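Bear in mind these aren't lab numbers, they're just calculated from the coordinates by the rules spelled out. Since the structure is predicted, the reported quantities are computational estimates derived from the model, not experimental observations. Neighbour counts are summed over all protein chains in view; Cβ atoms, including those assigned to glycine, are modelled from backbone coordinates with ideal geometry.
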Amino acid sequence: MVTAVHTLESRAITHLMTVMRDASTPHEAFAAHARRLMRLLAEEGIACLPHTRIEVTTPCGTFVGEKLLVASAVCAVSIMRAGDSLVEEVRAAWPGVRVGKLLIQRDEQTAIPRLFYEKLPADIARMHVLLCDPMLATGGSAMMAIDALLKRGVRAAFIIFLNVLSCPEGIARVHAAHPAVQIITCATDERLNERKFIVPGLGDFGDRFYGG
Ligand code: PRP
Ligand code: URA
């Protein structure tokens, strides 16, 4: 079985997330720092797809490295709206990657998600999926997205969930239902508050990224 959560750790992540967490950071700076952070997350997600070892010849010798095995069978799926920001960083790193969309909206009062729209490649059942959503709070939106993918025939073990900020409640919920889904996050915070927002968190990612 795959490890439940892989946390990205580096000075760059700490620096970028500190700016994003600061409530006084204006929209434009928030979006700029978030893009820089999500580019690192996107690269990590791509690197966690199945690879094979290859030997390359350098100008000065040989080097044993890795090559992506499944380049033609990967789809980046956005949980809209906020997930679009992360999919764009996957696309910036890998312009040819296929893309799918799930519009899932969390009710502002109850935090219960609703699926409004689904557009996925017809052959997604055979693909590896980089599922993109910056926030994992109650886990309701991620669960709804994973269920939509499984219904279309995607294998749980072929799903990598890319996430900027998580919390124990969301991780536990997704992992209990779908232990084969790999979660890659940049940080796991303490808990949810009474409004089901992550504490200390960074507030509403979508509003801060898109300007409200
Ligand atoms: C946010 C976020 C996740 C969801 C996480 O989206 O982007 O999709 O909440 O919360 P959950 O784990 O409790 O489901 P939201 O529905 O607020 O819409 P947005 O993308 O437009 O910001
Ligand atoms: N969605 C967000 O954008 N932030 C949270 O803290 C929880 C859900």
Item checked: Amide hydrogen neighbours beyond the local backbone of Phe161, cut-off 5 Å, H modeled -> Leu131, Gln182, Ile183, Ile184
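Using a Förster distance of 41 Å, how high is the FRET efficiency between Asp207 and Thr52, based on the Cβ-Cβ distance and rounded to 0.05? Mind showing how you got there, number by number?
Details: r = 42 Å, r/R0 = 1.02.
Efficiency at R0 = 41 Å is approximately 0.45.
Just rank Arg114, Arg11, fewest to most, by other beta-carbon atoms within 10 angstrom.
Values: Arg114 12, Arg11 7.
Listed from fewest to most nearby Cβ atoms, that is Arg11, Arg114.
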Note to self: What does the extension gain come out to for Lys119 and Arg91, with contour length at 0.36 nm per residue minus their alpha carbon separation?
What the structure shows: 8.4 nm
Margin query: Taking the alpha-carbon distance from Lys151 and a cut-off under 26 Å, which lysines remain once sequence neighbours fewer than 8 residues away in the same chain are dropped?
Written below: Lys101, Lys119
Item checked: Computed FRET value (nearest 0.05) for Glu190 with Arg126, which takes r as the C-beta separation and R₀ as 35 Å -> 0.35
Notebook entry, point to check: Extension gain Asp22-Thr110, at 0.36 nm per residue separation less the Cα-Cα distance, in nm?
Noted result: 29.1 nm
Item checked: Percent of beta bridges antiparallel (DSSP, the range 1-132, rounded to nearest 5) -> 55
Check: Which listed residue (Gly100, Cys186, Val199) has the Cα farthest towards the positive end of the charge dipole for the chain, taking +1 on Lys and Arg C-beta and -1 on Asp and Glu C-beta about the Cα centre?
Finding: Gly100
Next item on the list: Using θ = phi - 60° and the Karplus relation 6.51 cos²θ - 1.76 cosθ + 1.60, list the HN-Hα couplings for the range 115-131 in order, rounded to whole Hz, with x at every Gly or Pro.
Entry: 8, 9, 7, 9, 9, 10, x, 4, 9, 5, 4, 9, 9, 7, 10, 9, 7
Note to self: Which three numbers, in whole Å and largest first, are the semi-axes of the equivalent ellipsoid of the chain derived from its Cα gyration tensor as √(5λ)?
What the structure shows: 27, 22, 16
Checklist line | Estimated distance in nm for a label pair at Ala157 and Arg36, the labels positioned 7 Å out from Cα along Cα-to-Cβ | finding: 3.9
Notebook entry, point to check: Over what distance in Å are the Cα centres of the range 124-202 and the range 56-112 separated?
Noted result: 15
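Beyond 17 Å, what percent of the Cα pairs of the range 100-199 remain?
Numbers: 2409 of 4950 pairs.
Distances greater than 17 Å cover 49 percent of the Cα pairs.
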